[in-house]
Structures are given as structure tokens and as C-alpha cells.
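A quick write-up on the structure given underneath.
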Amino acid sequence: MKTKNKKIIKRMLVGFAGGMLSALCGAGGGLVFVPYLKSEGKNQNDAGRAAVACVLPISAVCAAAYIFKGYLTLSDGLLFIPFGLLGAAAGVAAINRLAPSWLRIIFGGFMIYAGVRFLIR
């Protein structure tokens, strides 16, 4: 199989895994996409930006499916949304000011923190 085809198939599998983790865990797409994009040569800043762009439509589909099936109401996230948008704006402003090494530390630290929390709860 050609290298280009392998890359396409690998991206499809990574996309599937990110979508599945997003639906199952409420997050996870970024945890899959960022390391994969870095393995393809993107720096931490660019990988984070690309992961957010990938996660947005995946999250929208998950939220719509959960609302449609009656598992979620918009009021469940009402307080999170405006403050999440403020946090997102702050993150966009900060990403260009932080060195990729700091973003790796923040991202890795968050992954460790989240992993430990999930394991002990």
C-alpha cells in the first residue's frame, strides 16, 4: 500500500478514535489528535489549534445526538457555556504568547492530572 494511502487510513482511524473518546468520555478528541499531529511534525501550538478545529464538529454532533435521545438538556450546560467561551478566548490569546515547550508541559500535566482523577474516582 502506498505511503499516502497508509497516512489517509491512519488519519481516518485517529479521527474515529477521537470521535469515539469524545462521545464516551466527554472529551478525548484532543488527547488523541494532539499527540498524533505532533507525531506528524506539527509543533505543540499548531497541533492544539488543529485539534480544536477537529473537536468542534465532533462535539456538536455528540451534543445534538445526546439532546435528541433525551440524555441531555441545554440547561445542563448553561452555566458552562458562557464561561467556557471566555476561557476559550483567553486560551486563544495566550497560545501565541506561550512557547511550545510550556504548552507541552501544560498539556502533559493536564493529561496526568485527568488520568489520575479518572483512576481514583
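Laboratory data are not the source of any read-out in this text; all were calculated from the coordinates shown. This one's a predicted model, so the numbers in the text were calculated from it and none came from an experiment. Cβ coordinates were reconstructed from backbone atoms using ideal geometry, including for glycine residues, and neighbour counts include every protein chain displayed.
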Checklist entry - So for the chain, taking the charge dipole from beta-carbon charges (+1 Lys/Arg, -1 Asp/Glu), which of 34, 62, 12 sits furthest toward the positive end? => result 12
Item to check | DSSP-assigned coil residues among chymotrypsin sites (Phe, Trp or Tyr not before Pro) in the stretch 26-88, each with at most 14 further Cβ atoms within 10 Å | outcome: 71
Checklist entry - Among 53, 3, 23, which residue has its Cα positioned farthest towards the positive end of the charge dipole of the stretch 1-56, with +1 placed on the Cβ of Lys and Arg, -1 on the Cβ of Asp and Glu, and the dipole taken about the Cα centre? => result 3
Checklist outcome for this item: For the stretch 6-74, inverting the pair-averaged 1/r of distinct alpha-carbon atoms gives a Kirkwood value in Å of 12.5 Å
Item to check | Those residues of the stretch 19-57 whose amide nitrogen sits under 17 Å from the label point placed on residue 63, 7 Å along Cα→Cβ | outcome: 19, 22-30, 52-57
Checklist entry - Rounded to the nearest 20 Debye, what is the dipole magnitude of the chain about its Cα centre when Lys and Arg each give +1 and Asp and Glu each give -1 at the C-beta? => result 580 debye
Checklist outcome for this item: Applied in sequence order to the stretch 47-53, the curve 6.51 cos²θ - 1.76 cosθ + 1.60 (Karplus, θ = phi - 60°) yields integer Hz couplings, x standing for Gly and Pro, of 5, x, 4, 5, 4, 4, 5
Next on the checklist: Rounded to two decimal places and with Rh computed the Kirkwood way over Cα pairs, what is Rg over Rh for the stretch 2-121?
Outcome noted: 0.99
